[in-house]
Structure formats: structure tokens, C-alpha cells
Amino acid sequence: MLRAALIFIAVYVGLVVTRRFRPHVAWLGIIVALVLGVLKPAEIFFGINWNVIGIFVGSLILAELFIFSRVPETISDLLINKSPSLGVAFLLIIIFTSILSAFIENVATVLILAPVALELARKAGVSPVPVIVGLAVSSNLQGTATLIGDPPSMIMAANMKMNFLDFFLYQGKLGIFFFVEAGAVAGFLVLYLYLRGIKQRPEPLPVTPVTSWAPVYFISIMILLLSLAGFFDPDFVWFGGTVCIVMGLVGCVWLWLRERREARKLLRSIDWQTTAFLAAVFVLVTMLERRGTIDALVGRIGFLAGANRFTVYTIVVWFSVLVSAFIDNVPYITAFLPVVIGLSERLGYPSEVLVFGVLIGSCLGGNITPIGASANIVAVGILQREGRPVSFGSFVKIGLPFTLAATAVSYILLWLLYR
């Protein structure tokens, strides 16, 4: 048990020190665990949640196809041309980016729409910093809302045996989607305070032509099939991953028959590093579970038994916000969710209250700092290349009020409905 905990801590420290080599650090920890006999070879294969990996990879492929379709640029151009002012245009781009992030990977949405926002800002002679940072933090927030939006949502679904529709309606109550949306409205209001002073009208843009509507149909079919997962796979074992992979392969075949060069480009652009990292984290957490480390940790925090539910809930949410402001939320939520579920059982609390709280806290907390989420790092890199470097403090001035507003609203509404 102790050796398993020490290996996991060492990996976690390695992830804090370097983000570029996350999969390498995680798999090195697995190799060390194998050598020391803390992990068995069979536990590597069976420890990986292949359903989540399938959902993640299939969603990535369809996201790349969506980018190829040019539909996002078309819609953003239309929104800008209909805007009464540049400030409103920027806000609409941010909102549209966040909506996309509920269904496709966050970094991809930032990369799609950041060039549009930069061009607008350049022509108007205004700073692009608030809008680019807004794109990043809004995409991170919205990725929490659905099963396919972000890896932490997939991980939570695996732990709670939730399907796609459970994010909208869970056990007869509003699902986490609506709490995230309420927080998003609060966050958008904060961002509007930074943008409202930009009164000039945006110059009309030529509307980008759509390359093909086929990727939109593929994504729509995937979502429709995922909504049926509860009928075929109530234990969240195979159906979601199978659907996403099959639809991704259908999309790849379609693109190969249409443009082989683009198909090769798509396969090269898939984020295989994050896929490998996600698989490694599953294995490391399996190691903690099998060696009894998580049960021991649940016992250690049994001192919370004397606290009332709201106090425990508050500690879980805001501790998750604090941790995720500086540390990758994928290993955190993968390791912490079993602890929270065990704690709920020990204290006799409904597990969904603390589990949803962890998801909200860990996903929104990454918006506070430029190192809290991959989309933030990408956004800062884009601004750096534009000659608009963003300091740690400058990012926090936008990310912190956005996070506090969005988290507070989601946290309060969730408690009121699920307490």
C-alpha cells in the first residue's frame, strides 16, 4: 500500500514539474511499479477503461473532421456580421466556442476560433487578450457539461455508470449539464465586463464556405446513438466507446475516399499523447485501488464524519478548485473520485452530490491560472506569438473572477437540488 502511494505521488510530482512529457512520466511510474511488484502485468490491460478511451479517441477524430468541414468558421462569421458592436461580437465568439466545447475537445475549439478573434482585434486596434483568455476559460467550463466534452466527464461517467442522457436528467432531477450552463451564464457576464467598452462596429466579413456537412451528420449520429447507451450498456462498459470508434472510422473512410492527403493529416493530428496519458492514469489508479491505498485514504478522512453535509460538500468542491488551478485535473479526478464515493458511503451521503461537486470544482478550477488547463496554455502561446505576452497575474485577473462566479453559481444550485 505504501509503495503504491509513493509511486503515485512521485508521478504526480513529475506531472507538476513537466507537462510536455506527461505520458512518459506516467508510464515510467507504471514500469517502476511493475519492477517493484506493486503492479501485476494483467492489471495494466484490465486497469484501462477501454470504453472511456474509445469515447475519447472517437470524439477526437470527429472533432478533426468538424474542423475540416469549416462549419465553425462559417457560423462565427455569420455571428460577427450580425453583431451590433465589436464587444458583442467577441462575446458571441466566446459563447459559440464554449458551446462547441460541450461536444468537441477544448484545445481544438480554441485553435479553430482564435484566428477569427485575433483578426477582428487586429483590424480594430484593440487588445485580443480578454477574448483569447475568454475563449480558453469558457471552453474549459463547457467541456464539463456532456459525456463527450472532456476526459474528466468521461471518467466521472465511468465511475457513476452514467450514459449521455444522464448528464441532462439524472435519477429524475436536472443533470450536471444545467448546473454548468448556469455557471456559464455567470462567467459570460464577468467576461462581458471586460468587453463592453469596445463599441465600434465590426467590419463585415466574407462568410467562409462550408467544405462539407457530412461531419455534422456523423457527430449527430454519434450523439443520437450515445443517448441510447442506457438501453444497451447500463454499466458503462462497452457501448459508448464502440459507437465513438465506429463513427470515427466511418468518418476516416469518408475522408480517405474524398481527400487522402487530408485523411493522412487527420491521423497525424490526433492527440495520441493525451490518449496514452489517460490510459496510464487509469492503470495507476487501479494500482491504488488494488493495493488498498484508496480504502486507507477514505479511512484517514473519516474525521469528516462529524461535519454536516454542506461543510463536507464545500470542502470537496473548493479543495478541487484549488488543486486544479495548478495541477492537471485528469489524474486528480481519476484518483479522487473513488475516494469521494467511498467517503459518501462511509458518511451515508448521496454519492452524486460529492461526485458532481468534484467534477465542477476540478474542471472550473483550471481556469484560474495559465497552467491550469491545456486550453489555457495554448491560448497564452497564441498571444505570445502575436506579440501580446500574458503574465501569470494578468491571466489570473480574468480567470479568477470568471472561475469564482461560475463555480459559485453551479455549486449553490447543485446543493439546493441534490442535498
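Overview of results
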{"quantity": "For the chain: relative contact order, % (alpha-carbon pairs under 8 angstrom, 6 or more apart)", "calculated": "25"}
{"quantity": "Neighbour-count ranking [beta-carbon atoms within 10 angstrom, fewest first] of CYS252, CYS244", "calculated": "CYS252, CYS244"}
{"quantity": "Ellipticity estimate at 222 nm from DSSP helix runs (n ≥ 4, -39,500 (n - 2.57)) divided over the chain, nearest 500", "calculated": "-24000 deg cm²/dmol"}
{"quantity": "Of LEU165, LEU28, LEU359, the one that fluctuates the most in a GNM where the chain has Cα springs shorter than 10 Å", "calculated": "LEU28"}
{"quantity": "Fully extended contour minus Cα-Cα distance, from LEU400 to VAL32, at 0.36 nm per residue", "calculated": "128.7 nm"}
{"quantity": "Cα extents of region 271-378 along the three principal axes, largest first (Å)", "calculated": "43, 31, 19"}
{"quantity": "Calculated FRET efficiency for the pair ILE9/LEU174, C-beta based, R₀ 30 Å, to 0.05", "calculated": "0.20"}
{"quantity": "Per-peptide average of other Cβ atoms within 10 Å, ordering 338-344, 256-262, 362-368 highest first", "calculated": "362-368, 338-344, 256-262"}
{"quantity": "Within a Gaussian network of the chain (alpha carbon springs, distance under 10 Å), most fluctuating of GLU289, GLU64, GLU105", "calculated": "GLU289"}
{"quantity": "Gain upon complete extension [LEU224, ALA307; 0.36 nm per residue less C-alpha separation]", "calculated": "25.6 nm"}
{"quantity": "Gap separating the Cα centres of region 13-91 and region 307-335, nearest whole Å", "calculated": "21"}
{"quantity": "Counted charge near PRO84, where neighbours are those whose Cβ lies closer than 10 Å (Asp, Glu -1; Lys, Arg +1)", "calculated": "+3"}
{"quantity": "Cα centroid of region 124-185 to Cα centroid of region 204-259, whole Å", "calculated": "19"}
{"quantity": "Reciprocal mean inverse distance between Cα atoms of region 44-99 - Kirkwood radius, Å", "calculated": "13.7"}
{"quantity": "Cα→Cβ-extended label distance, 7 Å offset, between GLU119 and GLU203, nm", "calculated": "1.1"}
{"quantity": "Highest-MSF residue in the chain out of SER101, SER227, SER76 [GNM, Cα springs under 10 Å]", "calculated": "SER227"}
{"quantity": "Net charge of Cβ neighbours under 14 Å - reference CYS252; Lys, Arg +1; Asp, Glu -1", "calculated": "+3"}
{"quantity": "Relative packing of 370-377, 191-198, which averages over residues the other C-beta atoms within 10 Å, highest first", "calculated": "370-377, 191-198"}
{"quantity": "With eigenvalues of the C-alpha gyration tensor scaled by 5 and rooted, the chain, Å", "calculated": "34, 25, 21"}
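No lab work stands behind these numbers, since they all come straight from the coordinates. Since we're looking at a predicted model, the values are computed, not measured. All Cβ positions, glycine included, derive from the backbone under ideal geometry; neighbour counts span all protein chains shown.
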